[in-house]
Amino acid sequence: MAGVMSRRLDVDALRALVAIEKHGGVTRAAEILGLSQSAVSHKIRRLETSLDCEILTRKANAPMFTTAGQDLLGYARRILGIHDEAVLSLSKSTLQGKIALGMTEDTTCTDLSRILGRFRRLYPEVSVRTQVRMSLVLQEQLSQGTLDAAIIQVFQHEVRPADILLFRETLHWVKSRDLVLSNGKPVPFLSFDENCFYRRWGIDVGQDEDTVFETVFECSSAAGIIAGVTAGLGVALLSQRYLQPDMEIVDDKFPKPPDLAYVIRRARTPRNPALETLVREIEAEVKRYGTLQIAV
């Protein structure tokens, strides 16, 4: 028992482990963490030596993590969450105020929600009111000053210097593999509602290219659009993470869509100390892990 209890889990090594899982390998994790590949590998080997088990599978065409590695990942996320919260809690100053925050639907079940939950525990005197809307609606609210900041989708080329980039995504034209598009006929289009900015882009580009889109299905949620595409109702614009095995990318038939970016955008109002504290915590999370995870 004494030997087991003398073992220690290094926080930096656990952070490297989580980065490997999040970014798909040691090489990419090393780039994100600002370390050499050998330094990251050394951290993992030290963990394996300390725990006397293999964490990473080193065989071709095998899962990245062993069973023990998968178990350790679960503990690592919990340990890092408590560790980082403890550091923030013991170093925080008294903070009060109100934050009016906007978010899109697909960012409400992500790392951002975890960060917001931790923020509220650390700063109970700060009131955070969150509204979930489409990106164009949130941008309008920012311009009107009814929001302090919003987490929105924009096209990559529309990212502003003051925006905080959270992650990028690729946008694709997709359809069911069973759907046949007929030449000379309108393209059945599955669309988010009128406040979706890439719906507007798709229709505008289609008109420019003499392609006629006929909206046959309109829904404000990604789940509805995915179901419609899968059922073969028509063509839609979906980001990479929503692609399903039975979907076919048809970018060659239409103009290639611009890349997407998720950003934090502030309103042009006097800076709010509570908001700036929240923004710094999100920035720190991005720098620590290189990106934020978003739900599918």
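Note on the chain: with a GNM built from Cα contacts shorter than 10 Å, the maximum mean-square fluctuation among Leu56, Leu112, Leu165 falls on Leu56. Of all DSSP bridge pairs formed entirely within the stretch 13-169, close to 10 percent run antiparallel.
Full extension of the chain segment joining Asp246 with Ala162 gains 26.3 nm, where the gain is 0.36 nm per residue of separation less the Cα-Cα distance. The structure-derived value of semi-axes √(5λ) of the Cα gyration tensor in Å appears in the list [x] 35, 34, 18; [y] 36, 20, 17; [z] 39, 28, 15 under the label [z].
When both bridge partners sit in the chain, DSSP labels roughly 55% of those beta bridges antiparallel. Bridging of Lys43 to lysines at a Cα separation below 26 Å is possible for Lys22, Lys59, Lys287, once same-chain residues fewer than 8 apart are set aside. The portion of the accessible surface of the chain made up by carbon and sulfur, rounded to a whole percent, is 50 (1.4 Å probe; DNA, RNA and ligands excluded).
Per the helix-only calculation at 222 nm, which mean residue ellipticity applies to the chain, given -39500 (n - 2.57) for every DSSP H run of n ≥ 4 and division by its residues, nearest 500 deg cm²/dmol?
-13500 deg cm²/dmol
Normalised by the number of residues in the stretch 152-296, the average gap of Cα pairs under 8 Å and 6 or more apart makes the relative contact order 42 percent. Placing R0 at 22 angstrom, the Cβ-Cβ distance between Thr49 and Thr27 gives a FRET efficiency of 0.50 after rounding to 0.05. For the stretch 177-237, GluC sites (Glu not before Pro) meeting the loop criterion (DSSP other than H, G, I, E, B) and having at most 10 other Cβ atoms within 10 Å: Glu209. Among Leu136, Val11, Leu243, pick out the residue whose Cα is farthest towards the positive end of the charge dipole of the chain, where Lys and Arg carry +1 and Asp and Glu carry -1 on C-beta, about the Cα centre. Of the options given, the answer is Val11. Figure legend: label point modelled 7 angstrom from the Cα of Asp204 along Cα→Cβ; residues of the stretch 247-281 with amide N under 16 Å from it are 255-261. Note on Met64 and Asn195: the extension gain reaches 43.1 nm, defined as 0.36 nm multiplied by sequence separation minus the Cα-Cα distance.
For Leu166, the residues 5 or more places off, or on other chains, whose built amide H falls under 5 Å of its own are Tyr262, Val263, Ile264.
Between the alpha-carbon centers of the stretch 145-185 and the stretch 44-111, tell me the distance in whole angstrom. Taking the Cα centre of the stretch 44-111 as reference, the centre of the stretch 145-185 is 28 Å away. For the chain, the membrane-span-like helix rule (DSSP H, alpha carbon extent of at least 15 Å along the helix axis, mean Kyte-Doolittle at least -0.5) picks out 11-23, 67-91, 111-122, 273-289; this says nothing about an actual membrane. Placing a pseudo-label 7 Å from each Cα along the Cα-to-Cβ vector at Ser36 and Ser220 gives an inter-label distance of 5.4 nm. Mean separation of Cα pairs under 8 Å and 6 or more residues apart, divided by the residue count, gives the chain a relative contact order of 21 percent.
The values are calculated or read from the model by the stated rules, or taken from the named source; none is laboratory data. These numbers come from a predicted model, not from an experiment. Here the Cβ is made from the backbone with ideal geometry for all residues, glycine too, and neighbour counts use every protein chain on show. In case anyone asks, the SASA skips ligands and DNA or RNA and just uses the protein heavy atoms, side chains included. Shrake-Rupley method; radii C 1.70, N 1.55, O 1.52, S 1.80 Å.
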